[in-house]
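To start, the structure itself, in structure tokens.
The values are calculated or read from the model by the stated rules, or taken from the named source; none is laboratory data. Everything numeric in this text was worked out from a predicted model, so none of it was measured. In this analysis, Cβ positions are derived from the backbone assuming ideal geometry, glycine residues included, and neighbour counts consider all displayed protein chains. The protein model used for the area step is the full one, side chains on, heavy atoms only, and it has no ligands, DNA or RNA in it. Shrake-Rupley method; radii C 1.70, N 1.55, O 1.52, S 1.80 Å.
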Amino acid sequence: MSVKNKVALITGAASGIGKRIAEVLADNGAHIAIADINQAAAQAAADEIKARGVKGTAVVMDVTDEAAVEAGVDKTVKDLGSVDILVSNAGIQIVNPIENFAYSDWKKLMAIHVDGAFLTTRACLRRMYAAGNGGSVIYMGSVHSKEASKLKAPYVAAKHALIGLAKVVAKEGAAHKVRANVICPGFVRTPLVEKQIPEQAKELGISEADVIKNIMLKDTVDGEFTTVDDVAACALFFAGFGSNALTGQSIVVSHGWFMQ
Ligand code: NAD
């Protein structure tokens, strides 16, 4: 049950949840590839990882670009020696009622969350299968992998899709000791969520405080945000779990917003 000396490639790791997962895996001895579309932030995050005493590398990657994903996974293996853990985490949010949703926005969101998960999974599985050391694939789902909210049609559809993908990877990967699981967080105060608060307030005609209290945290057991630390602890657990007993699963970390 350890990630020590494993190599983790984490997409969207220059900010928010992915960045904290990178730090926590590094603090437990994993070497880290920070994969992100934001080159400067990825380099800064990789430098911070190296300062924690493990190997780190920045991989500039748009997860929707097949060639960039292949090159980024190659760079990870070249710089760090292997890829044992994939955290498919890069994501965006776009809110709008369906009747106003631009098709281009629908396709953009689906591409980053679903196509990005597929492309990074395929590239990493090929390396994991060839190396023969097993592996762990972790998808960043959401409570919206299980539940719907108004204004988030493509996001809810995409997050549900990741659960299906994880189940297929669990079945296909089992013979290679590659496991796949999904983390489903409630609201976490990252840049992605900070942006939504004023947008939702405007769209719904309510105050920002009401968006937080009456929409985002309304159904939690205690009115609390989930934190990047909470999500990173789940990622460490999935990444370090040592057998196929825990595969094809999804875990909701949301202060009880959604209960299975
Ligand atoms: P964030 O905005 O802080 O970080 C997202 C990162 O993804 C950024 O560094 C961004 O540059 C990167 N990114 C965006 N598009 C990319 C692309 N095409 N290729 C590569 N990198 C790209 O957001 P966050 O809140 O940390 O979100 C991370 C993941 O967690 C997302 O999948 C999101 O849907 C999920 N999530 C977030 C919350 C929340 O409340 N914050 C809740 C549940 C799930």
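For the reader, a short list of remarks on this structure follows.
- Candidates Ala41, Ala46, Ala33, filtered to the one that is touching a Gly at 6+ places or on another chain (Cβ under 6 Å), free of Cβ contacts under 8 Å to residues at least 60 places away in the same chain and within 14 Å of the ligand (Cβ to nearest atom): Ala46
- Neighbours by Cβ (under 7 Å, 6+ apart or cross-chain): first from region 152-167, over 24 Å from Thr247 (Cβ atoms); second outside any helix (DSSP H, G or I) and open to solvent by less than 10 Å² (accessible area, probe 1.4 Å): none
- Conditions (1) farther than 30 Å from Ala245 by Cα; (2) within 16 Å of the ligand (Cβ to nearest atom); (3) open to solvent by 60 Å² or more (accessible area, probe 1.4 Å): number failed by Met110: (3)
- Criterion violated by Thr220 - all others in (1) within 13 Å of the ligand (Cβ to nearest atom); (2) buried (at least 20 other Cβ atoms within 10 Å of the Cβ) satisfied: (2)
- Subset of region 129-141 [crowded, with 23+ Cβ neighbours inside 10 Å and either farther than 21 Å from Asp62 by Cβ or touching a residue at least 60 places away in the same chain (Cβ under 8 Å) (or both)]: Gly135, Ser136, Ile138, Met140, Gly141
- Screening Val7 on (1) at pLDDT below 95; (2) more than 24 Å from Ala161 (Cα to Cα) shows it passes everything except condition (1).
- The set of residues in region 54-88 being over 20 Å from Val24 (Cβ atoms), among the β-branched types (Val, Ile, Thr) and open to solvent by less than 20 Å² (accessible area, probe 1.4 Å) consists of Val63, Val69, Val73.
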